[in-house]
Amino acid sequence: MTPKKKTNPSAESSRSPSEESVGETGRYSYDGLDRTIHEKARLGILTSLAAHPTGLLFGDLKELCSLTDGNLNRHLQTLVEAGLIEVWKRTQQKRPQTLIRLTDLGRRRLLEYIAELERVVADAAAATQPQSQKNSPLQPGWNPG
């Protein structure tokens, strides 16, 4: 048996001030900010690869993103599993080389992510314009938490 939720009859309007003034559910949830891409190191990796359409050697990518071998390998594995990058290997002058490239899906998803991020920035910029920098006064009954 589940306990019944206690309600406070004096708190008729238990909605927050923001809920009272906002009609768009989830307006600021930004579902397009894909967690696979949003992580700082992976965003750097994908951006570096987007700027180099022919791909980057492992060592060059490691240097561009300031990552260790192990850290870069782990992030590359995540991106490969998501289908966002491809990894190619060869031996040149008896030395192994690894080339990493953005897939078509990776490029498309990165562009979608950037569009969503631009929406976040636009919303944040609009919300912090000089006329809206002051908080409006609170309704009676609110106390510091």
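Every number here is computed from the coordinates shown, using simple stated rules; none is lab data. What you are looking at is a predicted structure, and each value in this text was computed from that prediction instead of being measured. Backbone-built Cβ (ideal geometry, glycine too); neighbour counts: all protein chains shown.
Please identify the pairs in which a residue from the stretch 106-123 that is in contact (Cβ under 8 Å) with a residue 40 or more places away in the chain has its Cβ atom under 7 Å from the Cβ atom of a residue that is among the hydrophobic types (A, V, I, L, M, F, W, C) and assigned to a helix (DSSP H, G or I), counting only partners at least 6 apart or on another chain.
Final answer for the pair search is GLY106/LEU46; ARG107/ALA50; ARG109/ILE37; LEU110/ILE37; LEU110/LEU46; LEU110/ALA50; TYR113/ILE37.
Of all residues in the stretch 37-50, which are surrounded by 17 or more Cβ atoms within 10 Å (Cβ to Cβ) and hydroxyl-bearing (Ser, Thr, Tyr)?
SER48
Looking at (1) in contact (Cβ under 8 Å) with a residue 60 or more places away in the chain; (2) under 13 Å from ILE45 (Cα atoms), can you tell me which one ILE100 breaks?
(1)
Which is exposed (fewer than 13 other Cβ atoms within 10 Å of the Cβ), at negative phi and in contact with a Lys or Arg (Cβ under 7 Å, 6 or more places away or on another chain), of PRO137, PRO130, PRO96, PRO53?
PRO96
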